[in-house]
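Here the structure is laid out as structure tokens; the discussion comes afterwards.
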Amino acid sequence: MAKAITQIDIEEKTEAEQKKQIHDDILNQIADNHDSIQTTLDIVEELQQAGILDMLKGLLRMREQIGSISIDKINQPSMHHLIKNSFHTIEFIGKVDPEELEKMMNGMINGMERLSKETEKTEDTGMWGLFKTMRDPHVLSALSYMTAFLNGFGEEMGKKETH
């Protein structure tokens, strides 16, 4: 009959053996991930050359003061309005058809160019000059668009708020 096991001998590694094992594991990981580590080191080198690491270091050293100032600024009512207005602007742009927006923006650019040319003139346009421009098909088209815009704008502004 076999003899019963009454004692288990656990081989404990010495501290030096544990450190050697950790060292070997790290070296194996470095060897396995050489490309990733090299890329990371290249990025860190570029950040150092650009001075970004120094800025980050300063930012981390001053984090409490910067955090306090940031919270104070964010808690101002004007910042709340800025955040809300940003969301509304993004929502507005998202609702506009990209092709229509491009057409409107091109029209605005063209109009601004004409405006800058008009401001270079030294004489003012008289009443007859204004009536003459009213016959221009481009002016009539723009006025038509503007009245349609004003109509829709007025319609929306005339609605009563329901909250």
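For the reader, a short list of remarks on this structure follows.
- GLN65, sole failed condition from (1) exposed (fewer than 10 other Cβ atoms within 10 Å of the Cβ); (2) farther than 30 Å from VAL44 by Cα: (2)
- Residue match in region 152-163 (condition: surrounded by 10 or more Cβ atoms within 10 Å (Cβ to Cβ), aromatic (Phe, Trp, Tyr) and modelled with pLDDT under 90): yes
- Some residue of region 119-134 being of a type in the set (D, E, K, R), surrounded by 10 or more Cβ atoms within 10 Å (Cβ to Cβ), farther than 22 Å from PHE149 by Cβ and without any contact (Cβ under 8 Å) to a residue 60 or more places away in the chain: yes
- Test result for GLU17, part of a helix (DSSP H, G or I) and at pLDDT below 90: yes
- Among the residues listed as ASP35, ASP9, the single one being farther than 30 Å from VAL139 by Cα, at pLDDT below 90 and not aromatic (Phe, Trp, Tyr): ASP9
- Residue count for region 97-135, restricted to those that are over 41 Å from the mean Cα position of the chain (by Cα) and in a helix (DSSP H, G or I): 8
The values are calculated or read from the model by the stated rules, or taken from the named source; none is laboratory data. Remember, it's a predicted structure, so these values are computed and weren't measured experimentally. Positions of Cβ are generated from backbone atoms using ideal geometry, with glycine treated the same way; all protein chains shown enter the neighbour counts.
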